[in-house]
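Okay, structure first, notes after.
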Amino acid sequence: MRHLKLASTTFGGGTSRLVFVHGFTQTANSWRSIATQFADSYQIVLPDLPGHGRSHDVVGDLVTTADLLAQVGQTATYIGYSLGGRVCLHLALQHPQFVERLILIGATAGLDGDLDRRARRKNDAQLAARVETIGVEAFVREWLSQPLFEHRPDDADDLADRLTNTAGGLAASLLHAGTGSQRPLWSELHQLTMPVHVYAGEYDHKFIEAGRRLAATIGANATFTVVGGAGHGAHSERPDTVRSSVHKNLSGS
């Protein structure tokens with residue numbers, strides 16, 4: 001695997017940092033509309049994960065990606081969605097000194113069973129072959145047609161942003177950082193001592209279960225919140241609700 005620096009955008013004021021980490025097929029821009037609302041008080045960092053956006057030629061598994069994220073994010077509150085949430089969990093375990101607070105949306109600590117992981121790796125490999133066969137636009141449209149995203153708003157800008165990705169980059173992300181390749185982290189979560197806030201959308205039943213388990217396993221320093229009227233992408237489906245809740249998390253209320 002190549003160890004390269006992640007591309008990222010930094011802006012805003014203040015001395016404390018917020019690092020917003022996107023999901024699969026997205027880019028650094030996917031968090032921008034929410035992140036800019038914190039820019040008066042915080043320095044904002046928007047990274048492109050390996051295989052995505054300006055980091056399309058960076059290849060890394062979740063462990064390597066967490067190391068690369070630490071390099072660009074440094075000491076900060078880390079806010080991760082889906083794939084980004086799994087990366088942030090790895091970062092918090094590998095480099096806890098950099099994570100002041102952890103906010104996870106639609107995230108999991110991995111699949112427990114070997115058979116489940118093997119099946120998921122096979123599926124991820126099939127998806128990787130699929131994107132390289134049919135191209136990014138057709139693949140992204142297929143990806144977003146899954147029931148997981150049925151509550152996603154019809155956002156032309158978000159779709160256009162996803163289409164800036166490359167087939168090779170998305171394929172590499174699936175192969176190296178897909179859920180099937182992830183080492184389960186459940187037995188390590190008790191090591192997290194920073195405040196952790198976990199979110200899942202009301203209609204995202206699979207991740208409600210995962211989110212409750214995450215918070216319960218982490219312990220007293222973790223909270224779990226269901227975002228009403230939202231599916232998997234709660235921050236894009238109910239942005240005002242999530243922004244307000246994140247603000248409360250940051251203020252400690």
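Here is how the numbers come out for the structure above:
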| quantity | calculated |
| --- | --- |
| Close pairs from region 74-85: first touching a residue at least 60 places away in the same chain (Cβ under 8 Å), partner open to solvent by 10 Å² or more (accessible area, probe 1.4 Å) and not in a strand (DSSP E or B), Cβ under 6 Å, at least 6 apart | Leu83/Phe24 |
| Failed condition for Pro50, given (1) of a type outside the set (Asp, Glu); (2) in a helix (DSSP H, G or I); (3) closer than 22 Å to Arg183 by Cβ | (2) |
| Failed condition for Phe11, given (1) in contact (Cβ under 8 Å) with a residue 40 or more places away in the chain; (2) farther than 22 Å from His90 by Cα; (3) of a type in the set (Phe, Trp, Tyr) | (1) |
| Members of region 185-194 found to be in contact with a Gly (Cβ under 8 Å, 6 or more places away or on another chain) and either charged (D, E, K, R) or surrounded by fewer than 20 Cβ atoms within 10 Å (Cβ to Cβ) (or both), listed by number | Trp186, His190 |
| Region 59-83, residues that are over 9 Å from the mean Cα position of the chain (by Cα), of a type outside the set (Val, Ile, Thr), in a helix (DSSP H, G or I) and under 21 Å from Asp124 (Cβ atoms) | Leu62, Ala66, Leu68, Leu69 |
| Selection count where residues are surrounded by 19 or more Cβ atoms within 10 Å (Cβ to Cβ), in contact with an Asp or Glu (Cβ under 9 Å, 6 or more places away or on another chain) and in a loop (DSSP other than H, G, I, E, B), scope region 3-29 | 5 |
| For Ala92: the one exception among (1) open to solvent by 10 Å² or more (accessible area, probe 1.4 Å); (2) of a type in the set (A, V, I, L, M); (3) within 26 Å of Val226 (Cα to Cα); (4) in a helix (DSSP H, G or I) | (1) |
| Test for Asp61: is it on the phi < 0 side of the Ramachandran plot and modelled with pLDDT under 95 | no |
| Ile103 vs. criteria touching a Leu at 6+ places or on another chain (Cβ under 7 Å) and among the aliphatic types (A, V, I, L, M) | no |
| Every residue from region 70-82 that is open to solvent by less than 10 Å² (accessible area, probe 1.4 Å) and of a type in the set (A, V, I, L, M, F, W, C) | Ala70, Ala76, Ile79 |
| Filter result for Thr179 (more than 18 Å from the chain's Cα centre (by Cα) and polar (S, T, N, Q)) | no |
| Exclusive hit being hydroxyl-bearing (Ser, Thr, Tyr), within 18 Å of Val242 (Cβ to Cβ) and in contact with a Pro (Cβ under 9 Å, 6 or more places away or on another chain), set Ser82, Ser33 | Ser33 |
| Helices (runs of 4 or more DSSP H) contained entirely in region 96-184, each with at least 3 residues that are farther than 30 Å from Arg243 by Cα and open to solvent by less than 30 Å² (accessible area, probe 1.4 Å) | 114-134, 167-177 |
| Subset of region 222-240 (residues that are surrounded by fewer than 18 Cβ atoms within 10 Å (Cβ to Cβ), assigned to a helix (DSSP H, G or I) and touching a residue at least 12 places away in the same chain (Cβ under 8 Å)) | Pro239 |
| Residue that is most open to solvent (accessible area, probe 1.4 Å), among those in region 196-221 that are acidic (Asp, Glu) and outside any helix (DSSP H, G or I) | Glu202 |
| Residue that is open to solvent by 50 Å² or more (accessible area, probe 1.4 Å), among the charged types (D, E, K, R) and not in a strand (DSSP E or B), where the choices are Arg86, Arg32 | Arg32 |
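The values are calculated or read from the model by the stated rules, or taken from the named source; none is laboratory data. Note that the structure is predicted; figures quoted are calculated from it, not measured. Backbone-built Cβ (ideal geometry, glycine too); neighbour counts: all protein chains shown. Side chains are part of the model used for accessible areas, which takes the heavy atoms of the whole protein and leaves out ligands, DNA and RNA. Shrake-Rupley method; radii C 1.70, N 1.55, O 1.52, S 1.80 Å.
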